[in-house]
Amino acid sequence: MDGPRVHSGPMSNRGTTARAWAPLAWFGLTALVGGGVDLASKAWAEQTLGGLPGRAMMVQEPWLEFALAYNRGTAFSLMPDLGAARWIFGLAALATAVVLLVIVVRSRAGRYAAIALGTIAAGAIGNGIDRVFHLAPGGGTGVVDFIKINYPWGGSWPTFNIADVLVAIGAGMLILRIVRARGKLVLSDDADRAA
């Protein structure tokens, strides 16, 4: 009797196929969960803060408060009111998510990079949906912002939301990846093995 048979058909490619799809799954899961958490947190902020005096609540005196605001323009209100250009910015956010997806697929990104890029996509999707579709009080659309960090000397950082945090975390993860890879952006998991 001969030794065990080795099957070389489609079953032998299962592990390889699963590894190929894993980054896409990590990207998709991160983008969907992150975008969902962002949109849910904005709904919570409107429901909870909208009925409070001053539409705000102190979380950690004096540093952190939740204060409901609507940003009808761009980040940091560089353009205070987008008007009809909101469609362009909304489509740009969706295009950003699609480009990041293509990068994950074409670069054969590892889990770390897929999660980092999915986190950025989540923030883009969350704010993009808000920018185009969320009706703000007083007319027009606006991105719901509600996290406010106060300075001890007075004033505060511009109010922001979970989508903004997701973009910052994803970018920070990529910067960390560049530092670990000694100045190169390596999207595969080789950067972790080399460090």
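Quick look at the values:
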read-out	value
Computed P(r) (all Cα pairs; segment 23-194; 10 Å bins; percent)	11, 33, 31, 19, 5, 0
Computed lengthening from ILE178 to ALA25, 0.36 nm per intervening residue step minus Cα-Cα distance	52.8 nm
Normalised contact order of segment 23-194, rounded percent, pairs of Cα under 8 Å and 6 or more residues apart	30 percent
Local electrostatic count, ILE129, Cβ distance below 12 Å [Lys/Arg +1, Asp/Glu -1]	+1
Net lengthening on full extension, ALA136/GLU61 (0.36 nm per residue, minus Cα-Cα)	24.2 nm
Qualifying chymotrypsin sites (Phe, Trp or Tyr not before Pro) in segment 110-195, DSSP loop, other Cβ atoms within 10 Å at most 16	TRP153
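Each reported figure results from applying straightforward, stated rules to the coordinates on display, with no laboratory input. If you're wondering where the values come from, they're calculated on a predicted model, not measured in any experiment. Using ideal geometry, Cβ is built from the backbone for each residue, glycine included, and neighbour counts are taken over all protein chains shown.
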